[in-house]
1. With r defined as the distance between the Cβ atoms of residue 104 and residue 185 and R0 fixed at 41 Å, what FRET efficiency is calculated, to the nearest 0.05?
2. At 7 Å along Cα-to-Cβ for each site, give me the label-to-label distance between residue 90 and residue 52 in nm.
3. So if I restrict to the alpha-carbon atoms in the chain, what is the Rg, and what is Dmax, the biggest pairwise distance, in Å?
4. If each residue's Cβ is checked for other Cβ atoms within 10 Å, how do 108, 155 rank with the fewest at the top?
5. What residues of segment 158-184 lie in the reach of a label at residue 113, counting those whose backbone N is under 13 Å from a point 7 Å from the Cα along Cα→Cβ?
């Protein structure tokens, strides 16, 4: 259920004749526990539209890596990872964006690293967060097929960041050395 534009703090991007908005910090939806999508609903027109809107919102951001459904005002356990990021993590990857529905982190490595993070919903703050170097995630794809995927480095970081969103946690809750870096600013 979307939050009305009058009650939310959003940055709106005009895409393909529709408004796709990225919810900003301060909106209560970002702090809610996202709801599980019933497996029977995964291929429904409603969920397909939400996924299409998420992909459009992600594509509208030059620095977009991934996006979770609450970031477009939908309190559902869905996130999308940019195909461009996947290609960066694995040069052999030639596919599209990847959708994870009802994702669960099933394994995190003991080895942790401090990594730089930002967020499309916390513009233009960046900071360091301690994340597991490797992660395994289980869930469903947009066709309702069960998926299990392991990752390391950037993709493992993305899995952790996006599942945090689904649990109402923002990276700034865990970050240190947070700084404001609007476009064109020098560090």
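1. The calculated FRET efficiency here is 0.65.
2. Each label point lies 7 Å from its Cα, and together they span 2.8 nm.
3. 15.7, 49
4. On the way: 108 16, 155 24.
Least crowded to most crowded, the residues run 108, 155.
5. Under 13 Å, as judged by backbone N against the label point of residue 113, lie 158 of segment 158-184.
Every number here is computed from the coordinates shown, using simple stated rules; none is lab data. Here the structure is a predicted model, which means the values were calculated and not measured. Positions of Cβ are backbone-derived with ideal geometry, glycine not excepted, and every protein chain shown enters the neighbour counts.
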